[in-house]
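Asks: Before I ask anything, let me first share the structure, which is written out below as structure tokens.
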Amino acid sequence: MTKFGETIPIYLKFSDDRVVKASYTTDGCASSSLCGSFTAELAHGRNPEELLELEPADVLNKIGTFPEGEKHCATLAIKALQEAVNNYMISVAGHNRQGERSG
């Protein structure tokens, strides 16, 4: 997913279409961990549409000072967040279709 090889999977738990819990793991450096943590924090309380509007700059602004050479970690974290949101939306759509078939 990145030229540096690290990953930052992000896990989201939703209730009433809002994030009530967000967590992450990483096999990358401390900067990856920091970006994963702040991205998870930014996710709390947001709905899928709001989550998809987040950008790497939002993560970096939340962190404050950050090494120039490590800013790719914020991009990686946001891409992981978008993937988690897409997985959630696919799951909801599949659940809705399943309910229509049995109803």
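Here, each number is a calculation from the coordinates, and none is a lab measurement. Keep in mind it's a predicted model, so treat the numbers as computed, not measured. Heads up, the Cβs are rebuilt from the backbone with ideal geometry, glycines too, and the neighbour counts pull from every protein chain shown.
Asks: Would you mind calculating the relative contact order of region 9-103 from Cα pairs under 8 angstrom and at least 6 residues apart, reporting the percent as a whole number?
Replies: That works out to 29 percent.
Asks: For LYS13 and HIS95, calculate 0.36 nm times their separation in residues minus their Cα-Cα distance, and state this gained length in nm to one decimal.
Replies: Additional length available on full extension: 28.0 nm.
Asks: Rounded if a/c is under 1.5, else prolate if a/b beats b/c, else oblate: with a ≥ b ≥ c from the C-alpha gyration tensor eigenvalues square-rooted, which is the chain?
Replies: The shape class here is prolate.
Asks: In debye, nearest 20: dipole of the chain around its Cα centre with unit charges on the Cβ of K, R (+) and D, E (-)?
Replies: Dipole about the Cα centre, nearest 20: 280 debye.
Asks: Place the peptides 10-16, 26-32 in order of packing, highest mean first, counting for every residue the other Cβ atoms within 10 Å and averaging per peptide.
Replies: 26-32, 10-16
Asks: Quickly estimate the mean residue ellipticity at 222 nm for the chain, helices only: each DSSP H run with n ≥ 4 gives -39500 (n - 2.57), and the total goes over all residues, rounded to 500.
Replies: -18500 deg cm²/dmol
Asks: Return the whole-Å distance between the Cα centroid of region 63-92 and the Cα centroid of region 41-61.
Replies: If you average the Cα positions of each part, the centres end up 9 Å apart.
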